[in-house]
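Structure record follows, encoded as structure tokens.
Where a number appears in this text, it was derived from the coordinates with a stated rule and is not lab data. Here the structure is a predicted model, which means the values were calculated and not measured. Note that we place each Cβ from the backbone using ideal geometry, even for glycine, and neighbour counts take in every protein chain shown.
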Amino acid sequence: MLNALRICLCILGVTAVAIALSILTRGAEATAALGEQAFDLMIRARPSSSGHWPATMDSELRFYAALWGAYGVAALGCARSSGAVVEWTPWVAAVFFVGGVGRVVSLLAVGPPHPFFSFLMWIELLLPVLLMALWLWIRERTAT
């Protein structure tokens, strides 16, 4: 189970760093469009787009991309050592979960986004539950 948790943390970390680098270098709109197009292809939906993103939004998201990249590095660091996995997994899971809650608030406040972002919301709400279940299982087994 420790290896399963480490793999989940590595996937989360690598994905966060890759998305952050894409937003920083290509921009938020281009990064979102890539995800939307891939999602539409995957579910065989008619291609759709979020449309144009204002410069202010791009600026803000490029700023936050650096923090998202740092989160990814933290998740990767957490995965590297058994002690860090035990100590930091609840924090990594909680931060990711709160991001999903932010998407729920946005959904309720301004309406539904492109289905790709709703899909991401569900990952952000459910993956932390899996991380915590693995963490609790490991913690229980190492305590006995």
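Quick look at the values:
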| read-out | value |
| --- | --- |
| Pairs of alpha carbons in the stretch 74-136 whose separation is greater than 17 Å (percent) | 44 percent |
| Theoretical ellipticity at 222 nm over the chain - DSSP helices of four or more residues, -39500 (n - 2.57) apiece, nearest 500 | -30500 deg cm²/dmol |
| Cα-centre dipole for the chain with unit charges at Cβ (Lys and Arg positive, Asp and Glu negative), debye to 20 | 300 debye |
| For the stretch 1-80 versus the stretch 96-133, the gap between their alpha-carbon centres in whole angstrom | 13 Å |
| Whole-number D in µm² s⁻¹ for the stretch 2-143, Kirkwood Cα-pair radius fed into Stokes-Einstein, 4 °C, 1.567 mPa s | 80 µm²/s |
